[in-house]
Amino acid sequence: MKSGIRKAALVALSGLLLLIALLGGVFFLLGGVKARRPGEWETAAMGRAKRWILVGDKSTQNPMPATKENIAMGQQNFSHYCFACHGLDGQNTGVPFAESMSPPVPSLASADVQAYTDGQLHWIISNGLWLTGMPASKGILSDDEMWSLVLYIRNLPPAGSLGEPAMYSGESVLEP
Ligand code: HEC
């Protein structure tokens, strides 16, 4: 009889210990996830692979021919909507916070970005990238404007050749 009670107490105790261990594990996991910067997730190969699956319109073709005029139009649009984070050259020139954003702003000339298809670049511009600083342009830019941006991304000028965005180099646009 006595040993039965002791046995029950033992079972209860080991059950309690197991519960504490499990809770500890859960808290450890949560703490671990919280402590990780999203940048580490995003720059990881896993993040790339995930995004490769996430980003749609892989086989959509750019309906806009890569003429000088269309690329120039893309550059114009880029210097209105995108330069604040990507620099005028799409390669972060003069953007002071590009590295410290989480994830950081990539050079659009990089192999990683150029590996996207035209349709995917258009999709990224239209939808933005979830949980990153990359905004969605749907409803703000026309489809033509987005396709011209894709043309510009495919034909970026040499890094630094367009200078820095004036607003970051201390020259106020508002000054007379
Ligand atoms: C508010 C800052 C910001 C603006 C404005 C912005 N972007 Fe981005 N962009 C980002 C960030 C941050 C990333 C990195 C996202 C990532 O790595 O997941 C990014 C990534 C990209 C990528 C690459 C996607 C990848 O997987 O690396 C392309 C292409 C791009 N932007 C194009 C544009 C175009 C075109 C515009 C203008 C219509 C624009 N961006 C405007 C912040 C911005």
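The values are calculated or read from the model by the stated rules, or taken from the named source; none is laboratory data. Since the model is a prediction, treat every value here as computed from it, not as a measurement. Cβ: placed from backbone, ideal geometry, glycine included. Neighbour counts: every protein chain shown.
Look through the stretch 145-176, keep the residues that are modelled with pLDDT of 95 or more and polar (S, T, N, Q), and return whichever of them is nearest to residue 65 (Cα to Cα). Filtering the stretch 145-176 for residues that are modelled with pLDDT of 95 or more and polar (S, T, N, Q), the one nearest to residue 65 (Cα to Cα) comes out as 148.
The set of residues in the stretch 128-138 being of a type outside the set (A, V, I, L, M), under 12 Å from residue 55 (Cβ atoms) and free of Cβ contacts under 8 Å to residues at least 60 places away in the same chain consists of 128 alone.
Scoring residue 59 on the criteria (1) more than 16 Å from the chain's Cα centre (by Cα); (2) buried (at least 17 other Cβ atoms within 10 Å of the Cβ) leaves a single failure, condition (2). Can you say whether residue 76 is more than 9 Å from the ligand (Cβ to nearest atom), modelled with pLDDT of 95 or more and part of a loop (DSSP other than H, G, I, E, B), as far as the supplied structure shows? The answer is no for residue 76.
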